[in-house]
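Working notes, beginning with the structure itself.
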Amino acid sequence: MKTGQAWRVGMGDMQILPGPRHRPPMKRPTWIIVLVSLVTVFLICAYMYPPQSSAACYVFSSRGCEAISNWLPPAPARELTDEELASRAVIRDILNTPPTKSEKSKIAFMFLTPGSLPFEKLWEKFFHGHEGKFSVYVHASKEKTVHLSRYFVNRDIHSDQVIWGKISMVDAERRLLAHALKDPANQHFVLLSDSCVPLHNFDYIYNYLMHTNISFVDCFQDPGPHGNGRYSEHMLPEIEKKDFRKGAQWFSMKRQHAVIVMADTLYYSKFRDYCKASVTKCYFISILHLILKPGLEGRNCIADEHYLPTFFHIADPGGIANWSITHVDWSERKWHPKSYKARDITKQLVKNITSIDVSVHVTSDEKKEVQMWPCLWNGEQRPCYLFARKFYPEALDNLLMLFSNYTTI
């Protein structure tokens, strides 16, 4: 009995612990974890394995790789190829060579034309009385030239066919430079077209070019379809997209720069092989560029608009002015610049052009960004243009009357 009582007391004094509560399972935000993981993996892969095609940059947004590259940490510096090391060593040595200017220094006027020059009489008036300070070279790609001025007689060089948009245009420029470099007195080299005219007298132009240590090569960055949209990844590793530049082909360069252009084979070969335009399909491709923002892998690339600007941006960016001293009017925003007929030739036209002291470029993307910077000559803002182009041959007589006395211009 004692034993049973003891048991009953023990049971009464025992604490009965509550059983485990059955809670509903936790709703973990699995979809957030998966999404964050996918984004992390994507960014790591984008950093380690950047897109090899420009089209991949536009998968998620129109800004594409630009936005990603701005957010990611900078990639490690690339090791230069053997060809780049050799090229840069040669370029550095040439640029470190001091110029040999003297009273006998000359300007080489290099005319790139399909045939005879319609403004030879005007150029004769411009050159007259300045013998010994200039040289003339003519590259006529289509027709045999007939010269009316003594300054142009026997100044034709060996010429090959030139096709717009093709590397043959660059070849013609280099051919002119090669012939002009034979004369050690030539210290500045100006590329001109058959539609070009001088805007100032000879002394003004001579002093403008000879008394500065830079070259006037047009160069700007255009992120649109007619700029970086023409870039091809086949130019890697030597030419990266961030270094791809655009500009007008009409240059004026000092002798050291002319020499490095002739010495270059590395960058020239990239444009020869991967910067090509189809003349017959040019309009069609341009329309596609407006639809397909990434571009067509360099197939609408115009070599003479990109080779020299890109080359100098890489080789000697501080040695060029980034604008051309030859004026052309693109204000009408058409496929071709404005041309001047006889009725357009007035003193006011020349005054308007020669008073411009700001260089203007407009990008080809949707933003149509206007890039402006002052034309600085030895640190001083001065008028940009020494020449102008796109004059019809019919304007000759009016130009002769307007520039009847070049010594006062």
Label-point separation, residue 183 to residue 153 (7 Å along Cα→Cβ), nm: 1.7 nm
- line: In this structure, the FRET efficiency calculated for residue 265 and residue 40 from their beta-carbon separation, with R0 = 35 Å, to the nearest 0.05, is 0.20
- line: Computed over segment 174-260, protein heavy atoms only, probe 1.4 angstrom, the accessible area per residue in square angstrom equals 27 Å²
Nearby lysines by direct alpha-carbon distance to residue 104 (threshold 29 angstrom, same-chain neighbours under 8 apart not counted): 121, 125, 133, 182, 254
- prompt: Tell me which lysines have Cα within less than 22 Å of residue 338's Cα, excluding those fewer than 8 residues away on the same chain?
  reply: 246, 347, 351, 368, 390
- prompt: So, in nm, how far is label residue 390 from label residue 242 when the simple model puts each one 7 Å beyond its Cα toward the Cβ?
  reply: 3.5 nm
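Rounded, prolate or oblate: which fits segment 77-140, taking a ≥ b ≥ c as square roots of the Cα gyration tensor eigenvalues, rounded meaning a/c under 1.5, else prolate when a/b beats b/c? The partial results should precede the final answer.
Numbers: a/c = 5.35, a/b = 1.95, b/c = 2.75.
It comes out oblate by the Cα gyration axes.
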message: In Å², and per residue, what accessible area does segment 327-409 have when probed at 1.4 Å with the other protein chains present?
response: 62 Å²
query: If you keep only loop residues by DSSP, which chymotrypsin sites (Phe, Trp or Tyr not before Pro) in segment 310-369 have at most 16 other Cβ atoms within 10 Å of their Cβ?
result: 330, 335
message: Which lysines, if any, have their Cα less than 19 Å from the Cα of residue 241, not counting same-chain residues under 8 positions apart?
response: 270, 276, 293
message: How large a share of the accessible area of segment 174-261, in percent, is made up of carbon and sulfur atoms when the probe is 1.4 Å and the other protein chains stay in place?
response: 54 percent
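The values are calculated or read from the model by the stated rules, or taken from the named source; none is laboratory data. The shown structure was predicted, so the numbers you read here are calculated from the model rather than taken from an experiment. Positions of Cβ are generated from backbone atoms using ideal geometry, with glycine treated the same way; all protein chains shown enter the neighbour counts. Ligands, DNA and RNA are excluded from the accessible area calculation, which covers all protein heavy atoms including side chains. Shrake-Rupley method; radii C 1.70, N 1.55, O 1.52, S 1.80 Å.
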